[in-house]
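Working notes, beginning with the structure itself.
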Amino acid sequence: MIPSVLPTYSRAPLHFVKGEGSWLVEEDGRRFLDLGSGIAVNALGHAHPALVKALTDQAQNLWHVSNLYEIPQQQALADKLVASSFADTVFFTNSGTEACELAVKMARKYWYEKGQPDKTDIIAFSGSFHGRSSAGIAAAGSEKMVKGFGPLLPGFKHLEWRDMAGLEAAIDDNTAAVLIEPVQGEGGIRPMPDDELKALRALCDDKGCLLILDEVQCGMGRTGRLFAHEWAGVTPDIMMVAKGIGGGFPLGAVLATEEAASGMTVGTHGSTYGGNPLGCAVGCAVMDHVADPEFLAEVNRKAGLLRQKLEGLVAAHPEVFEEVRGSGLMIGLKCRIAPADLVKAGYNALVITVPAADNVVRLLPALTISDDEIAEAVTRLDLAAASLEAA
């Protein structure tokens, strides 16, 4: 008999009932150090006081009115994002998947309105993850994502990750945009080098196509800058954001330049819940923290501390680990064993991690993790690795 919850997840037998900063409390009382943050969602940890206050204050006044009316909290959050980024305008969604749908629509509509309706192709890359909607799985293109879900949305080309020569050859008169994650998350914490991201921006300019960045996982302070592309000193035309922007409340956004968004006029897109007062009130509180240069400087300092300790961990367990990679507090442990084995061993050591492709286990701690918690995290990972070696 099928369970009442559709069985599309392989869930760990854990039942968390409370979150406190970097900690999760199981219903049996065990305290787990959370290095997953809901897959990079809980950017400020669990139950951050500023987010709790923003949500409860707003909940006592107004939950939902729909986008038929002006929403002050939405305007406030859009203003904060525009002031802190390349963007001129923002559309709010409920998730990264919805942000992908709009990014694709926006790029194609741009060229349609420019009198070039055949410019519809979008080039994406192996190892990518852009959500599980029709556009998202078509953009990723991997068998795991698309098998059994055809016919796929047409208009996507796929290249190998970081194949710059292939990209230059693939861009033609029908190319609307190039879509890429500055740091792949699901693909195994694979950062795109700054010089290649600069070359990609220059290539899009030279070939006359738009650049769409997917910063759903790597954005919102995760790499030590508000957005990961800032490290390369480039800007996209369109960018997808979600996960950390709501600090745990469902929220996403598409940021764009005025030019790239020029085709999206009244009636071309909409959302019932996107940009609702609750989500945007929380998003404003998140931005007040993660856009602060002092906060980001602390993220970078703590990232360096964690990276240093993890290098020692890898050196101490060469049969378990191969290398450390990533950017900021978006770190991958490349394993010589099955990542699922390390994740499971972590449960026994009371530490939460997240598996990824390319034999990688992701560490995505709250950006507010303390130095003592970093030390404790590595101690628990050491115990997990030692248990695997002893097995």
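Each value in this text was obtained by applying a stated rule to the coordinates, not by laboratory testing. None of these values were measured; they are calculated from a predicted model. Quick reminder, even Gly has a Cβ in these numbers, built from the backbone with ideal geometry, and neighbours come from all protein chains shown.
Please sort by residue number the GluC sites (Glu not before Pro) in the stretch 308-391 whose DSSP state is loop and whose Cβ has at most 13 other Cβ atoms within 10 Å.
Numbers: sites: Glu311, Glu319, Glu322, Glu323, Glu373, Glu376, Glu389; in loops: Glu319.
Those satisfying the criteria are Glu319.
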(message) Out of the chymotrypsin sites (Phe, Trp or Tyr not before Pro) in the stretch 23-87, which ones are loop residues according to DSSP with at most 12 other C-beta atoms within 10 Å?
(response) Trp63, Tyr69
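DSSP loop chymotrypsin sites (Phe, Trp or Tyr not before Pro) in the stretch 129-163 with at most 14 other Cβ atoms within 10 Å of their Cβ, which ones?
Phe149
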(request) Report the residue, chosen from Ala54, Ala169, Ala253, that carries the largest GNM mean-square fluctuation when the chain is represented by alpha-carbon nodes joined by springs under 10 Å. (result) Ala169
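Please tell me the relative contact order of the chain in percent, rounded to the nearest whole number, where contacts are Cα pairs under 8 Å and at least six residues apart.
On the way: 795 pairs, mean separation 91.4, N = 391.
Here the relative contact order equals 23 percent.
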(request) Kindly identify the stretch 226-285 as rounded, prolate or oblate by the Cα gyration tensor criterion: order the square roots of the eigenvalues as a ≥ b ≥ c, call it rounded if a/c is under 1.5, otherwise compare a/b with b/c, prolate if a/b is larger, else oblate. (result) oblate
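On a full-extension model of 0.36 nm per residue, what is the gain between Lys53 and Ala391, subtracting their alpha-carbon distance, rounded to one decimal in nm?
Details: separation 338, 0.36 × 338 = 121.68 nm, distance 4.66 nm.
The span from Lys53 to Ala391 would gain 117.0 nm if fully extended.
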(message) Could you give the length gained by full extension between Tyr9 and Ala315, i.e. 0.36 nm per residue of separation minus their alpha carbon distance, to one decimal place?
(response) 106.8 nm
(request) Considering only Gly19, Gly326, Gly244, give the residue with the highest GNM mean-square fluctuation for the chain, with springs between Cα atoms whenever their separation is below 10 Å. (result) Gly19
(request) Compute the long axis of helix 277-290 from its Cα atoms, compare it with the longest principal axis of the Cα atoms of the chain, and write down the angle in degrees, 0 to 90, nearest 10. (result) 70 degrees
(request) For Val25 and Lys105, calculate 0.36 nm times their separation in residues minus their Cα-Cα distance, and state this gained length in nm to one decimal. (result) 24.6 nm
(request) Specify the residue with the greatest mean-square fluctuation among Leu167, Leu200, Leu14, computed from a Gaussian network of the chain linking alpha-carbon atoms under 10 Å apart. (result) Leu14
(request) For every helix of n ≥ 4 consecutive DSSP H residues, a contribution of -39,500 (n - 2.57) applies; sum these over the chain, divide by its total residues, and give [θ] at 222 nm rounded to the nearest 500 deg cm²/dmol. (result) -11500 deg cm²/dmol
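Given a Förster distance of 45 angstrom, what is the FRET efficiency for Tyr112 paired with Ile39, based on the Cβ-Cβ distance and rounded to 0.05? Working shown, then result.
Working: r = 35 Å, r/R0 = 0.77.
It comes out at approximately 0.85.
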(request) Go through Lys53/Lys80; Lys80/Lys302; Lys119/Lys334; Lys80/Lys207; Lys80/Lys334; Lys80/Lys157 and tell me which ones have a Cα-Cα distance over 27 Å in this structure. (result) Lys119/Lys334; Lys80/Lys207; Lys80/Lys334; Lys80/Lys157
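Let's test the formula: R0 of 30 Å, r as the Cβ-Cβ distance of Asp163 and Ala297. What FRET efficiency results, to the nearest 0.05? Mind dumping the intermediate values first?
Values: r = 35 Å, r/R0 = 1.16.
For Asp163 and Ala297, the calculated efficiency is 0.30.
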(message) Can you sort His158, His46, His229, His15 from fewest to most other Cβ atoms within 10 Å of each residue's own Cβ?
(response) His15, His158, His46, His229
(request) Check cross-link reach from Lys109 to the aspartates and glutamates: straight Cα distance under 16 Å, and skip same-chain residues fewer than eight apart. (result) Glu101, Asp118, Asp121, Asp173, Asp237, Glu258, Glu259
